[in-house]
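Structure, as structure tokens:
The values are calculated or read from the model by the stated rules, or taken from the named source; none is laboratory data. In this text, all values refer to a predicted model and were calculated from it rather than measured experimentally. FYI the Cβ positions are ideal-geometry reconstructions off the backbone, even for glycines, and counts take in every protein chain you see. Remember, those area values only see protein heavy atoms, side chains included, never the ligands or the DNA or RNA. Shrake-Rupley method; radii C 1.70, N 1.55, O 1.52, S 1.80 Å.
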Amino acid sequence: MDFAPDPALSRSEMESLQREIAAAATFTDDIDFTPEDVRDGDALVAGVDQAFLLDEDPERALSAVVVARGGEVIERTHAVTELSIPYIPGLLAFREGGPILAALDTLESDPDLFLFDGSGRIHYREAGLATHVGVIADTPSVGVAKSLLCGEPRGSVDGLAEGERVAIDGDDQMPTDEVVGYAYQSRQFDSGRINPLYVSPGHRVSAETAVEFVAACGGEYKLPEPTRQADAYADEKKQEYADTNA
């Protein structure tokens, strides 16, 4: 089916498409590599993030992809495309999905795993950005969000120790009561406590394996290294566009 995130759809049509995507998604492990393979550099992981050129008409998104094997960056690529709709909670893929797919189309490598800056199954219709794009690409994918869109943590997520995780169950805003992801404390610092990440499966990965993949990507910062690299690359290219247009 055509799951392209068309921003011209009505809200009800977008939500209906998301339900179809969730039905097509696989939230169990359908992979031939492990978190240990990611940690040991035996799998290609792509971090995906975006920056925005909002002071231009029309407004545009700069979608960045950084592919790494272990600590070595294999490829960096990006695309700049127009933004058609504003941010609407639960419909992020219809704003950012098209620009991301444009960037993925420029890839020369074939990543084993995508890490997205956004939700996967932790979503009102179990079809966040990581699920939407993951299903279209039919590639194992994980959503790594900085805040909790919906779902109910099984315990407190305040002041978690580094490496600690708390399961997130589906709540009454969602069509499932299964474990849909984890609050994961990737880093913690004596100088100031930081909030956890919210990790959920996008496609072809279970919730438990999704958080193990994020842990395997590690790094010295809160974000897993592939998405941190993508975030930095997006900012770098955004500055180049700003300097060019100055």
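Compute the Cα gyration tensor for region 77-134, then decide on rounded, prolate or oblate, letting a ≥ b ≥ c be the square roots of its eigenvalues: rounded whenever a/c is under 1.5, prolate when a/b is larger than b/c in the other cases, and oblate in all that remain. Here region 77-134 falls in the oblate category.
The distance from the alpha carbon centre of region 184-206 to that of region 68-143 is 18 Å, rounded to a whole number.
Considering only protein heavy atoms and a 1.4 Å probe, what is the carbon-and-sulfur percentage of the accessible area of the chain? Carbon and sulfur together cover 43 percent of it.
Taking a ≥ b ≥ c as the square roots of the eigenvalues of the alpha carbon gyration tensor, the chain is rounded, as a/c is under 1.5. Averaged over residues, the count of other Cβ atoms within 10 Å places the peptides 234-243, 4-13 in the sequence 234-243, 4-13, highest first. Put a dot 7 Å past the Cα of Asp110, heading toward its Cβ, do the same for Ile85, and the two dots end up 3.3 nm apart.
For a label point 7 angstrom out from the Cα of Glu59 toward its Cβ, which stretches of region 105-137 have the backbone nitrogen within less than 12 Å? No residue qualifies, since no backbone N sits under 12 Å from the label point. If the segment from Glu152 to Glu36 were pulled out straight at 0.36 nm per residue, it would be longer than the present Cα-Cα gap by 38.9 nm. Per the helix-only calculation at 222 nm, which mean residue ellipticity applies to the chain, given -39500 (n - 2.57) for every DSSP H run of n ≥ 4 and division by its residues, nearest 500 deg cm²/dmol? Calculated from helices alone, the mean residue ellipticity at 222 nm is -9000 deg cm²/dmol.
Glu59 sits with roughly 80 Å² accessible to a 1.4 Å probe, with DNA, RNA and ligands left out of the calculation.
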